[in-house]
Structure formats: C-alpha cells, structure tokens
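One structure below.
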Amino acid sequence: MQISPFRPPRRPVLAVLLALVLVIAGALAFRAEAVARYHRATAERTVRDYAGFAAYLVGSSTGRLLNRELGYAFHPVDLAMHASAGALPPPAVLAADTAEFNRCRGALPAGARYWFRLDLRTGALATTGASVSPALARWLRAGIRPAEYRAGWLFAFLFGAPEGRPQQVIYTLREAPDGGAVVYGFNTCFRADGGSSVFRLAEQQAQALPPTLAGETPNDSLLSIVVADTAGAVLYRSPVQYAAEFAGRHALREQFTGLVVTVHLRPDLLPRLVIGGLPRSRLPLALGLLGVTAVLLAAALFQLRREHELVRLREGFVADVSHELRTPLQQVLLFVELLRLRRLARDDERERALEIVEQETRRLIRLVDNVLQFSRLGRREHAPARAAVALAPLARETAAAFAPLARSAGAEVRLELDERAAVHADANDLRQVLLNFLDNAVKYGPPGQAVTLAVARRDGAVEVRVDDQGPGIPATERGRVWSAFYRLPREAEAATAGSGIGLAIVRELVARSGGRVRVEDAPGGGARFVASFPALEAAP
C-alpha cells in the first residue's frame, strides 16, 4: 500500500498519544506532590519528636528541682508529730518554711494564703491563714485521694478551679498517731511571672536538645516553655515565646501528676534539626509544569490541525494547478496537431489557431511564473531590485500583454491612469501584481465584463486599483482572500479553475515594497482590489 507523501499520520492516533502524554504528566505531577507531602510529613514528625523529647527533658528537670525545693517542706510536720506525744500538730507548723518557698510577691495576695490539715478518718478540716469557704473545703476533701498516693512520695499536687478561681495545692500524707491518715498541705502560686521560679530554673538547666544541635546556645534562644495544670491555668510562661507550629507536650507523672510541660521550637531552628529545612510543597511547580504541558499539547494539537489543513490545501493546490496546466496544454496540443496535419485549410483558421496557441502559452507562462514566485517568496531567496517606477507606462504595457487573455474570456480592460504617479519598488514585482489583479478579475467576473485598471494618487500615496463586475467579495471573507490556498466557497463549489496563490503573492510583493492591500466594493458593483504604495514626489 502506498501512502501519499502529503498526507500526515491519522489525527486521532496522534491526538490519543498526546492525551496520554498529558495523563502521564499529570500522574507524575501527582506522584511528585505525594512524595513531597510524605517527605514533609516525615520531617514535621521528626521536628515534633524533637519538641516532644525537649518537653520530656524539661519536665524531668522540673521534677528534680521540685523534689529538691519541696523535699523538706513538710519536715516540720514530722518534727511536730514526734514532739507532740501523739497529738496532731496544727497546720500552722507549715507556715514559716512554705511561705519562704512560695515567695509569690503579689501573684498570690498574702490574705489568700492558707494551710490546712485534713483528718481522713473523720473528715475534719483545720486551717490557718486565709479562710477556706465550704466550696473550697469540699473540693479539698474530694480531690485528695489517699488510694492514689504512693509509698515513698514526699508530696503530691492538686489542681482545680473551685469557685471559678484556679487553685494550686501541694500536700503530703502522714500516718496519725491513732493509726489513721492525715493530710497536711498549702496553696501556692508557683510564680507565673517568669522570675526566679523553679520552672525558670528548670528551663535554664535542662539539656533540652542534643549538644550536636544546640551547641552552647541557651534554651531560651532555642525554644519557649509553657507549664500549665490540668485545669488549664498557666503556672509558668517563658519570657520569649515562639510560634506554636511545632510543639511537644509532656505530662508529668507520679507525684507530679497534674503538671503539663509544652515546648515550642524556634522556627528558624528547623534547618538545624532537619537537613535543608522542611521540604517545600511542590504542588505549585507541579501544577505549573502540568499547565505548561497542557498548553504545549494544545499547541501541538492546534499545529496538527493546521498541518492537516495545510496538507488538504496543498493537495487541492496540486489538483488545481494540474487542472490549469492540463487545459491549456490540451488546447495547444490540439491546434498544433491540426496545423501539423494541415486540417486548417484557410488562412483565417490557421491565424485563429496560432492566436489560441499564443493565448494558452501565455496562460501557462503566467501560471508557472506564479508558482515560481510563490516558491521564492516562501524561501525568501529573491531580493527585490527597488527603483523609481512610473506606474502609467508599466500599467499600459501590462494591460497590452494581458489583452489576449482578456479577449479569450470576452472581457475588456479599461485604463484610468495618472501619468505623474510613481513609486519606489521592483518593476517586476509591480508587473506581477498587476497581472494577478487582472487575472483574478477576468477569471471570477462574468463574460463580456469591463475590467478597469486605475492608477491614482491619494493622500500622499499611489493606489493601483482593479475593478471587476463580478459578484464581489463578502465582507466576512475580505481578510481571508489574501491567504495562500484559500478560495471562496462559491468558487470551490462552482469548480472555477484557480490555484489559490495569486492574491497571496500580491500581498507579499506589495508588503516588501512598503505597501498595503485591501479589497472593497467597486462603485459599479463587483469587487475592487487595491494596492497602496508610498508615493514619490515626481515621476522618473
């Protein structure tokens, strides 16, 4: 099977292949974004693990310091119980040492401090210092659970908000002389203003991050800390606070149950924790590349469509040129054979035969010249030899040369010439423009029409006009008739002979001489084709 060299591969196959390319590009973009999201999630999880580990280390340091600070806070109770010979010491024995420990300095007013003793066997509550309301007493009795107090604990915490105000209580469990259990405790403020509190000291002393990452940098330049109780009341907030995007949380256990340490890492610390920092989203880039791919594929499909259309036009051009060549050649061959066989006896018959041979030969030459000119223009091989040209003599010469072709179509060429009109152009180009205008007018006009070739000066320009008496050019088609291979639908349907390159050649030749072309309605009906050039001051 032979394939036409002008026919491209079938468009549906190429369209499907291009669509597959787009699908593959979309899949790759989706996969790239999925991988980027996975890497970012892994990096974020690593950073949060660092933050969580830092919170654990700060919490451990806090527990050690609290043990040190409160280890002897309840020692006066033991001394008083030993000296009282079986009597329960009053809660006032805690006031001196624990007041020094708290050092609230206004965070908890002096009138709000209280110390208490709770007999777990009888439920009797004894207090000193600030008065304890019934609601607060109920909260103390309900919150202290001896079953949760482990052996070996020196103290425990109780946090809550009875009466709508946060309460922070430290207590210890002791065995009463009569075999029961008694609780001693007091309220505190834990210094929430960040001064020399135990939490501030824990922040400074804890090795929150590995030395390979932190170096000698102090903790307050690496992270920020918030310590809160289970009721949500903030017990301590470090002076410098960083964004909470990556935070770790650690809830203390055992006797420190109720304390929660939250660590926020400094944002610009992330490149040190994760090499290269957190991976950025590749979605904008992937979508951009996918969009570019889609645009390129759309352009490829458009070019494929244009190529298919161009091939169709070229095939039509080859068929039209072949037809235009075949018809005059058949005429020439016919009359040459008649002359050779001496079938034309009279002189007038032989003269008519020679005239027809001459006309058809001129038509062939004009057609071949058009094709060659079109080819040269497409390759930009021929540079025009521009000079001053008087248009009136050139128009008369061209009209005389075209007269035999006009007579064969039953048309008459009329001249309206301004003898002073001159332009700076290539004379051969201008001659080709005039011939193509005249040929177009004769070919598509009615038999017996009068074709007018006019040269006139207008507004500093020289116009070459050719008017025919044909059906004219629709306004919607006037821009397209100058395109190569384009023919009006009515001409294609009427099977009018034509190559479709004549006016395209005119446009190129006029443009390279600095002129412009247009088509409009002729005054007497039909079409007017106009080529406008910059005028010279005087004819050469």
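Of all residue pairs spaced 6 or more apart or on separate chains, none has beta-carbon atoms under 6 Å together with a first member in segment 216-231 that is closer than 14 Å to LEU269 by Cα and charged (D, E, K, R) and a second member that is at pLDDT below 85 and not in a loop (DSSP other than H, G, I, E, B).
Is it true that PHE199 is within 57 Å of the chain's Cα centre (by Cα) and in a strand (DSSP E or B)? Spelling it out, it is not the case that PHE199 is within 57 Å of the chain's Cα centre (by Cα) and in a strand (DSSP E or B). Going by the structure shown, is ASP439 open to solvent by less than 20 Å² (accessible area, probe 1.4 Å) and either modelled with pLDDT under 90 or closer than 20 Å to GLN359 by Cβ (or both)? Answer is no for this residue. Take segment 297-353 and flag every residue that is open to solvent by less than 60 Å² (accessible area, probe 1.4 Å), modelled with pLDDT of 75 or more and among the β-branched types (Val, Ile, Thr). Listed by number, the list holds a single entry, VAL332. Screening LEU265 against (1) surrounded by fewer than 16 Cβ atoms within 10 Å (Cβ to Cβ); (2) at pLDDT 70 or above leaves a single unmet condition, (1). Within segment 109-164, being surrounded by 18 or more Cβ atoms within 10 Å (Cβ to Cβ), closer than 15 Å to PHE256 by Cα and touching a helix residue (DSSP H, G or I) at 6+ places or on another chain (Cβ under 9 Å) holds for PHE155, ALA156, PHE157, LEU158, PHE159, GLY160. Restricting ARG249, ARG272, ARG280, ARG253 to residues that are over 29 Å from the mean Cα position of the chain (by Cα), at pLDDT below 85 and open to solvent by 70 Å² or more (accessible area, probe 1.4 Å) narrows the list to ARG272. Among the residues of segment 149-182, the ones that are in contact (Cβ under 8 Å) with a residue 12 or more places away in the chain and either assigned to a loop (DSSP other than H, G, I, E, B) or closer than 20 Å to ALA231 by Cβ (or both) come to 23 in all.
Residue by residue, here is whether (1) out of contact with any Phe, Trp or Tyr (no Cβ under 9 Å at 6 or more places or on another chain); (2) open to solvent by 50 Å² or more (accessible area, probe 1.4 Å) holds:
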| site | (1), (2) |
| --- | --- |
| ALA411 | yes, no |
| ASP418 | yes, no |
| ALA422 | yes, no |
| PRO447 | yes, yes |
| LEU453 | no, no |
| ARG458 | yes, yes |
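Applying the condition of being under 15 Å from LEU201 (Cβ atoms), touching a strand residue (DSSP E or B) at 6+ places or on another chain (Cβ under 8 Å) and aliphatic (A, V, I, L, M) to segment 51-79 and asking which residue is surrounded by the fewest Cβ atoms within 10 Å (Cβ to Cβ) yields LEU70.
The values are calculated or read from the model by the stated rules, or taken from the named source; none is laboratory data. If you're wondering where the values come from, they're calculated on a predicted model, not measured in any experiment. Cβ coordinates were reconstructed from backbone atoms using ideal geometry, including for glycine residues, and neighbour counts include every protein chain displayed. For accessibility, only protein heavy atoms count, side chains too; no ligands or nucleic acids. Shrake-Rupley method; radii C 1.70, N 1.55, O 1.52, S 1.80 Å.
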